[in-house]
Every structure is written in structure tokens, then in C-alpha cells.
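The values are calculated or read from the model by the stated rules, or taken from the named source; none is laboratory data. This is a predicted model, so every value here is computed, not measured. With ideal geometry, Cβ positions are generated from the backbone for all residues, glycine too; neighbour counts draw on all protein chains shown.
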Amino acid sequence: MQEKIAKNQYEVAVVPGDGIGPEMTQATIEVIKAAFGSEQKLNFTEHLAGANEYLRSGTALPEETLIACSKADAVLHGAAGLPDVNLPDGTEAGQDFSLKIRPALDLFANIRPIKLYDGIESSLRHFEPGAIDYVIVRENTEGLYAARGGGNKVRNDTVTDTMVMTRLGVERIVKTAAEQAMRRNGAPRDGKKRVTIVDKANVLRSFAFFREVAEGVLANYPEIEVDYALVDAMTVHMIERPDTFDVVVCENIIGDILSDLGAATVGGMGMSPSAEIGTWHGYFQASHGSAPTIAGKDIANPIGTILSGAFMLEWLAREHQDATLQPYADNIINAVNRVLADGRGRTRDIKGSATTSSATKAVCDALA
Ligand code: ATP
């Protein structure tokens, strides 16, 4: 791979996917185009993947899409998967897109901010905007999900899926978490830089290994307080004292589950962005799924995907050392903040009356 340099034009592979996915990517592209105005710096091309593509062609991740995603400077995704479209083994076919592209592009870090914005009422009493602001750093290529498609079924009565952890895999995810903590301002309650290692180290050898390797990495960061939580207790802490968290690092399936819980405390799935990052590639989508029951009704909340689009610009700015991109990301985040606070960007899932299209237009207007 060549070293990345600043460009006049960046190529973004867009994979709209299923359910609300296409509405979410369309909203995000509109916002990014509004942010750049007369100086467009991103070129978007659309590619097929997901459950509908599986029904059409027999694969949820066509070769053409994989090649386009690996050649592009970044990937923007809506959501993939439909609950009734299954592989012969009973798992969801559309999930193959995310679960295959992560290892294919080695997107080892799934960074999921949990942040309570102005104008959003938390389902937790006593927590005001700003009081919940942490990042879940989910390992994205190993753990239990590495068994996808490789588990064993013996006769029709015994199945196994195996947890995979490697030293390199744990080291690099914990290093990513530490770097996030070094860039942030600490936990809202006490301003301390803190990395919370979440596992089940008291029961499983694999998690004990995760914890041991994580401690070794964090020993190199004396500015960061190291904190521990067993995953079952963590579900309680995230409800009772979310303001004590700064960066949370964990294995793949734990991160998947905890990030949905975290999203529920800051307005719901529609509010939750994510960035999936490897050494070379970046892939950006909201944390939510395809929500088929609300698809096509112009009611889904586009904010999670729009914020993921802003993170895509931040990541491109860092990767290509292109300082010209950062202000556009900042402008989008500020515009989102404004329309959430004044209500124009609040869809019904976050107690507002905006539609997907009116919320998107409000963000675009705020950028103008
Ligand atoms: P996956 O496993 O693919 O991540 P999921 O089964 O967790 O998906 P989602 O599709 O994320 O399910 O939906 C979970 C709930 O959140 C549903 O009630 C859905 O309607 C709601 N939801 C998800 N995304 C949004 C959104 N953008 N706006 C409003 N509600 C949403």
C-alpha cells in the first residue's frame, strides 16, 4: 500500500443496503454536499450489497462491491439485513456484508460514541446533555463473531462457535482505545482520562487473556486510569453511572450488545454513529440495523448516519493529512447540534415531529 496523500477529490463507495439504509445514505450525501457547497471534494458511487442483493444474485457481498470498497478512499454504508432473508444455516444473509467486509478490509476498530446531545431527553433520569459522553471501542475482526460461517454442526443436535483472540488483535484494539482517550477530555463526572476494560475474565480464559494483554498495553499510558468491569455488571453501570465512562474497550459481541444499550441511553438507535477503522480502510455507518418496519415511511432518524459521515471526513482528514477537510466535519457536527437543540432535527423516535427529509433539510439549511 502507498502512503496516503491529500487529494483534490476523494472517492467514497456508498452501499445503501436494505430497509432504511438507502434513506440514511441519501440523507448523509445531501448533508455532505451541502457542507461542501461550491467546492465538492467527495465523489460518491453506489454499490449493491445486503439481503435484497442476496435474493437477487445469491450473494450479499458481490465481488464488484468488495473491489469498489477496497479501492475507495472510504466506504459509507446505510444498513444491511432483513430478518426473513436467511442463509441455509439459519443466520441472516444480509449480515454477510458487514461481517465479511470487516475482515476483508481488516477494519479492526469499531468506534461507537455514546453522547447525549442538547435537546435530547435521556431515558435515564438525572442525566443532562453533556453528562453522557463516552466511546465504546469494539474489537471488530476477532472474538465470537470470527466464528461466523465456520462453526461446527454435528448431526443435528450439537453446534459450536469458537471465540478467537490473538495478542496482536487485543494489542491493537486497546492501543486504539488509549489513543482515543488521549484525544478526549476525560469522563464527564471527573474529567479523568479513563479506559474501562469490559470482559468476563472471571469465567473464560479468552477474556482473562484479553484483560492481561490490555493491561500490558495500558501500562504505556500513565496519564490514563485503568478501570475494569465484568460485562454483566457493566450493563448496570451504564444505566446508573454512565458519566464515569470515557473510553470503553471490549471484544466484538460484547461491543455489539453494549453499544445498543448505550444508544438507548442517549435517544435510541437513530442517534448512534460509528466508525470502523483499520490500518488502511475506513467504513462508516450508524450503529443501527435496517429497521425494516419503518423503512420507506420518511420517519427514520438520519442523525446517526449523518454523524458517521462527519466522522468519515475527520478520518479522511487525519489519514491524508488534509487539513482542508476538518472544518467541513466540524460544520456538520455543529449543524446537527443546532437542529437537535432547536427541534428542527428531532424525528419522532427522539420526541420530535420532523421527518427524515425535513430533519435532513434542517441540517442542510443550518450549513448554508
Ligand atoms: P442489526 O442486528 O442489524 O443491527 P437490530 O435487529 O438491532 O439490527 P435495528 O434495525 O437497529 O435492529 O432496530 C432496532 C430498533 O431501533 C427498532 O425498533 C427500529 O425501528 C429502531 N431504529 C433503528 N434505527 C432507527 C432509526 N434510524 N430511526 C428510528 N428508529 C430506529
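Some points to look at:
- Hits in region 113-129 (condition: touching a Phe, Trp or Tyr at 6+ places or on another chain (Cβ under 9 Å) and at pLDDT below 95): P129
- Sole residue being closer than 23 Å to T235 by Cβ and not assigned by TED's automatic domain parsing to the domain that holds T279, chosen from R148, R211: R211
- Residues that are within 16 Å of the ligand (Cβ to nearest atom) and surrounded by 14 or more Cβ atoms within 10 Å (Cβ to Cβ) number at least 1 in the following strands (runs of 3 or more DSSP E) confined to region 1-87: 10-17, 74-79.
- The listed residue being closer than 20 Å to S259 by Cβ and at pLDDT 95 or above, out of V135, V85: V135
- Criterion violated by V135 - all others in (1) touching a residue at least 60 places away in the same chain (Cβ under 8 Å); (2) within 16 Å of the ligand (Cβ to nearest atom); (3) not in a loop (DSSP other than H, G, I, E, B) satisfied: (2)
- Any hit, region 81-91, residues being in contact with a Ser or Thr (Cβ under 7 Å, 6 or more places away or on another chain), touching a residue at least 60 places away in the same chain (Cβ under 8 Å), under 30 Å from G267 (Cβ atoms) and assigned by TED's automatic domain parsing to the domain that holds G352: yes
- Residue within region 257-275 that is among the acidic types (D, E) and not in a helix (DSSP H, G or I) present: no
- Of all the listed residues (A187, A201), the sole one being in contact (Cβ under 8 Å) with a residue 40 or more places away in the chain and assigned to a loop (DSSP other than H, G, I, E, B) is A187.
- Close contacts from region 1-27, counting a first residue that is over 24 Å from G94 (Cα atoms) and a second that is more than 16 Å from the ligand (Cβ to nearest atom) and among the small types (G, A, S), with Cβ to Cβ under 6 Å and a gap of 6+ residues or different chains, come to E11/A72.
- Among residues that are surrounded by fewer than 24 Cβ atoms within 10 Å (Cβ to Cβ), among the acidic types (D, E) and touching a His at 6+ places or on another chain (Cβ under 9 Å), D260 is included.
- Contact map, region 293-311: first residue among the hydroxyl-bearing types (S, T, Y), second residue within 7 Å of the ligand (Cβ to nearest atom), Cβ cut-off under 6 Å, separation 6 or more or different chains; pairs are T305/M24; T305/A286; S308/A286.
- In the condition set (1) closer than 30 Å to Y145 by Cβ; (2) of a type in the set (S, T, N, Q); (3) in contact (Cβ under 8 Å) with a residue 24 or more places away in the chain, Q321 is compliant with all but (1).
- Filter result (of a type in the set (A, V, I, L, M, F, W, C) and more than 20 Å from the chain's Cα centre (by Cα)) within region 157-181: V159, M163, V164, M165, L168
- Comparison of I306, I294, I277 shows that the only residue that is over 23 Å from E139 (Cβ atoms), under 13 Å from the mean Cα position of the chain (by Cα), in the same structural domain as A51 (by TED's automatic domain parsing) and of a type in the set (A, V, I, L, M) is I306.
- Looking only at residues in region 282-298 that are of a type in the set (A, V, I, L, M, F, W, C) and within 7 Å of the ligand (Cβ to nearest atom), the one that is farthest from I114 (Cα to Cα) is I294.
- Total residues in region 88-105 satisfying the condition of being within 16 Å of the ligand (Cβ to nearest atom), crowded, with 18+ Cβ neighbours inside 10 Å and either in a loop (DSSP other than H, G, I, E, B) or hydrophobic (A, V, I, L, M, F, W, C) (or both): the figure is 6.
- Scope region 106-156; condition among the basic types (K, R) and more than 30 Å from G343 (Cβ to Cβ); matching residues: R138, R148, K153, R155
Each row is one residue, and each column tells you yes or no for (1) within 30 Å of P188 (Cα to Cα); (2) more than 13 Å from the chain's Cα centre (by Cα); (3) in the same structural domain as I173 (by TED's automatic domain parsing).
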position	(1), (2), (3)
H77	no, no, no
L99	no, yes, no
P103	no, yes, no
R112	yes, no, no
L116	yes, yes, no
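- Of the residues making up region 312-353, those that are within 16 Å of the ligand (Cβ to nearest atom) and not basic (K, R) are V336, V339, L340, G345, T347, D349, I350, G352, S353.
- R344 vs. criteria assigned by TED's automatic domain parsing to the domain that holds A27, buried (at least 17 other Cβ atoms within 10 Å of the Cβ) and without any contact (Cβ under 8 Å) to a residue 60 or more places away in the chain: yes
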